[in-house]
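Single-structure report; data block below.
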Amino acid sequence: MTVTISVGSGKGGTGKTMVVANIGLLLAKTGRRVCVVDLDLGGADIHILYGLFEPQSRLTDFLNRKVERLSDIVHTLGSFGGLQIIAGSGHTLRSANMSFQEKQRLLKGLSSLDTDVLLLDVGAGTSFHALDFFMFSDIQICVTNPEPMAIMDFYNFLQLATIRQALGGFLSQSEVSKALKERNFQTLAEVFLLAEEIQPGARERIQQALASFNPLLITNMAGSNAKINKLKLRKLVAKYLGIAIPDLGEIPYDKSVQEALRAYLPVCEHSRKSPASLALAAISAKLEKVVELFDRKRENLQPS
Ligand SMILES: Nc1ncnc2c1ncn2[C@@H]1O[C@H](COP(=O)(O)OP(=O)(O)O)[C@@H](O)[C@H]1O
Ligand SMILES: [Mg+2]
């Protein structure tokens, strides 16, 4: 069965694509079948990090119905452990007005891909689409930078994702999108109020829904002058959003990331012993454990 992992963030430039490109490759090297999908509808570019400049097919071809199945636009990268990728749609996509039906078709297409790990590079931000893609997965990863402004964006992103998850605890999918369109929720407390209004016992269901939402945190471009107080952040998130954000690791600012970019290679392939590569390897090993845990949990839940 496929485990789906999405990588998102509050703002652009935090290093999501770098993280996805490297983790995808590292997981593929463990022998798993991995498919990386570039869902960053704004600045799709992950294929370039693997030196694939002119992909023969892209997500656009699926969205425009040039092909019917997502598997028709998968590229297998022989020189990267058989890693599979679906290139993003570049700047041409009318991403802002992708209809509900189009998005459902895309999500259904993703669900039908035959792979062990599906790794989604979700664009930055709190747009409806970005959040939908982010929440679609089994395991969520947030990438933030340590500066205060980035942490603020991260918090806002997490808050909206949490509100979405909370609404999903007592409303159907179409009711969730209706509620989000009609009301501008600012805090989880407002969701609780609405829940109490329309469904007795909804609070409990929300809490259950939130208990299974544990986005993993990666701090990227950590340096000596910007330190993130993770303990404080974690406490804040637990208090106001009611969720836990387990730590997946920290990646230092490292100039070899840029050098790798110029060589069109993921940094973990370009300079394996660089500080960023070592950190990415540790993160990937930790993520592997999370994936195994998830698989086991799901097996136990399967009716025998
Ligand atoms: N740890 C790092 N050290 C140095 N540069 C980095 C690091 N992580 C990312 N970068 C650089 O920052 C820029 C933004 O990264 P990218 O992965 O494209 O972010 P995002 O996908 O979140 O927009 C890129 O030029 C990338 O090479
Ligand atoms: Mg990106």
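The values are calculated or read from the model by the stated rules, or taken from the named source; none is laboratory data. Source: prediction; values computed, not measured. Note: ideal-geometry Cβ built from the backbone for every residue, glycine included; neighbour counts use all protein chains shown. Heads up: the accessible areas ignore ligands, DNA and RNA and are worked out on the full protein's heavy atoms, side chains in. Shrake-Rupley method; radii C 1.70, N 1.55, O 1.52, S 1.80 Å.
Structure summary
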quantity: Val3 vs. criteria touching a residue at least 60 places away in the same chain (Cβ under 8 Å) and within 16 Å of ligand 2 (Cβ to nearest atom); calculated: no
quantity: For Ala209: the one exception among (1) in a helix (DSSP H, G or I); (2) under 16 Å from Glu147 (Cα atoms); (3) open to solvent by less than 90 Å² (accessible area, probe 1.4 Å); calculated: (2)
quantity: Looking only at region 33-47, and only at residues there that are at pLDDT below 95 and open to solvent by 10 Å² or more (accessible area, probe 1.4 Å), the one that is farthest from ligand 2 (Cβ to nearest atom); calculated: Leu41
quantity: Qualifying residue in region 20-32 (condition: within 10 Å of ligand 2 (Cβ to nearest atom) and under 14 Å from Leu77 (Cα atoms)); calculated: yes
quantity: Leu26, sole failed condition from (1) outside any loop (DSSP other than H, G, I, E, B); (2) within 14 Å of the chain's Cα centre (by Cα); calculated: (2)
quantity: Counted residues, region 48-63 - those being in a loop (DSSP other than H, G, I, E, B) and either surrounded by 13 or more Cβ atoms within 10 Å (Cβ to Cβ) or within 16 Å of ligand 2 (Cβ to nearest atom) (or both); calculated: 6
quantity: Filter pass, Leu278 being within 14 Å of ligand 1 (Cβ to nearest atom), in a loop (DSSP other than H, G, I, E, B) and open to solvent by 20 Å² or more (accessible area, probe 1.4 Å); calculated: no
quantity: Qualifying residues in region 111-121 (those that are open to solvent by 10 Å² or more (accessible area, probe 1.4 Å) and of a type outside the set (Asp, Glu)) - the one nearest to ligand 2 (Cβ to nearest atom); calculated: Leu113
quantity: Gly31 vs. criteria small (Gly, Ala, Ser), touching a residue at least 12 places away in the same chain (Cβ under 8 Å) and outside any helix (DSSP H, G or I); calculated: no
quantity: First in region 250-270 and without any contact (Cβ under 8 Å) to a residue 40 or more places away in the chain and more than 9 Å from ligand 1 (Cβ to nearest atom), second anywhere and hydroxyl-bearing (Ser, Thr, Tyr) and open to solvent by less than 50 Å² (accessible area, probe 1.4 Å), Cβ under 9 Å, 6 or more apart; calculated: Glu250/Thr219; Glu259/Ser271; Glu259/Ser274; His270/Ser256; His270/Ser277
quantity: Residue check for Ser284: touching a Leu at 6+ places or on another chain (Cβ under 6 Å) and in a helix (DSSP H, G or I); calculated: yes
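Per-residue answers, yes or no, for (1) at pLDDT 95 or above; (2) of a type in the set (S, T, N, Q); (3) loosely packed, with under 14 Cβ neighbours inside 10 Å:
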position	(1), (2), (3)
Gly88	no, no, no
Ala96	no, no, yes
Lys103	no, no, no
Gly109	yes, no, no
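For (1) part of a loop (DSSP other than H, G, I, E, B); (2) surrounded by fewer than 21 Cβ atoms within 10 Å (Cβ to Cβ), each residue gets a yes or a no:
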position: Gly123; (1), (2): no, no
position: Thr162; (1), (2): no, no
position: Glu175; (1), (2): no, yes
position: Leu180; (1), (2): no, yes
position: Gln186; (1), (2): yes, yes
position: Glu204; (1), (2): no, yes
